[in-house]
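Since the structure comes first, as structure tokens, the remarks are kept for the end.
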Amino acid sequence: MSFSVISAFLVFTIITAFTPGPNNILALSAGIRCGFKKSAPLLTGICAGFFCMMFLCCVLVFSLSSLSVQFIAIMKYIGCLYIIWLAWKVAMAKPAEKENSNAKIGFATGFILQFVNIKIVIYGMTAYSGFVLPYHESILALLAAMCVLTVIGSAGTVVWALAGSILQRFFHRYARLSNAVMGVMLLACVIPLVFDF
């Protein structure tokens, strides 16, 4: 795997992990309402569920790629389209509003959320089919990618919980600029996937 593909993989995973989504918004809300320590069970559930979903995505992508050589090429371009769509959504996103949810937060809430969170399913499928399988088909490479995806994805959620209201104020103040920069960076991730360099 070339340096440009590894760089694009890391940019894609970091931006996807740190942009708003169900996990991050729930973690932000929990951090604001309960503080970081009391949010720990929720964060643990999110991280455990995230790992399970990355494993399931890995098995699914690897299984489908074994059945069809063309699957990887098709998924690679679907992944590129998803990244372009995500770049547009990120660049055009409006500032997140403060969430005042009174839902009980705990391990089960975070864990179960992962099985209905389409953002991380697409995140995993895109990463494996676009950045890993076209270059490495070994189980070791897939397991390494699974660990990297889980660590970066979980880090994004933990950062949102830690930052709480500070991060929320930042996004309100600099929302247009930060969203535009992240959108352009996501678009740049498509280049090495399309041109294979």
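How many residues are out of contact with any Cys (no Cβ under 6 Å at 6 or more places or on another chain) and either closer than 15 Å to THR150 by Cα or not in a helix (DSSP H, G or I) (or both) if we restrict to region 8-58?
Taking region 8-58 first, the residues out of contact with any Cys (no Cβ under 6 Å at 6 or more places or on another chain) are 9-10, 13-58.
Pick out the ones that are also either closer than 15 Å to THR150 by Cα or not in a helix (DSSP H, G or I) (or both) and you get 9-10, 13-21, 23-24, 43-58.
Matching residues across region 8-58 total 29.
Show the residue pairs meeting these rules: Cβ distance below 9 Å; 6+ apart or different chains; first residue within region 96-122 and within 21 Å of ARG33 (Cα to Cα); second residue at pLDDT 75 or above and in a loop (DSSP other than H, G, I, E, B).
Sorted first by the residue in region 96-122, then by its partner, the pairs are ALA96/PRO20.
Just give me the residues in region 22-49 being of a type outside the set (A, V, I, L, M) and within 30 Å of SER138 (Cβ to Cβ), in sequence order.
Once the filter is applied, which keeps residues that are of a type outside the set (A, V, I, L, M) and within 30 Å of SER138 (Cβ to Cβ), region 22-49 yields ASN23, CYS47, GLY49.
The rows are residues; the columns are (1) small (Gly, Ala, Ser); (2) under 26 Å from ALA87 (Cβ atoms); (3) crowded, with 22+ Cβ neighbours inside 10 Å.
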{"position": "PHE3", "(1), (2), (3)": "no, yes, no"}
{"position": "SER7", "(1), (2), (3)": "yes, yes, no"}
{"position": "PHE12", "(1), (2), (3)": "no, yes, yes"}
{"position": "ALA17", "(1), (2), (3)": "yes, yes, yes"}
{"position": "LEU26", "(1), (2), (3)": "no, yes, yes"}
{"position": "GLY35", "(1), (2), (3)": "yes, no, no"}
{"position": "ALA48", "(1), (2), (3)": "yes, no, no"}
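Of the numbered conditions (1) surrounded by 13 or more Cβ atoms within 10 Å (Cβ to Cβ); (2) of a type outside the set (A, V, I, L, M, F, W, C); (3) under 30 Å from ALA40 (Cα atoms); (4) modelled with pLDDT under 75, TYR82 satisfies every one except a single condition; which is it?
(3)
Residue by residue through region 50-64, note down the ones that are β-branched (Val, Ile, Thr) and surrounded by fewer than 18 Cβ atoms within 10 Å (Cβ to Cβ).
VAL59
The values are calculated or read from the model by the stated rules, or taken from the named source; none is laboratory data. Because the structure is predicted, anything quoted here is derived from the model rather than measured. Heads up, the Cβs are rebuilt from the backbone with ideal geometry, glycines too, and the neighbour counts pull from every protein chain shown.
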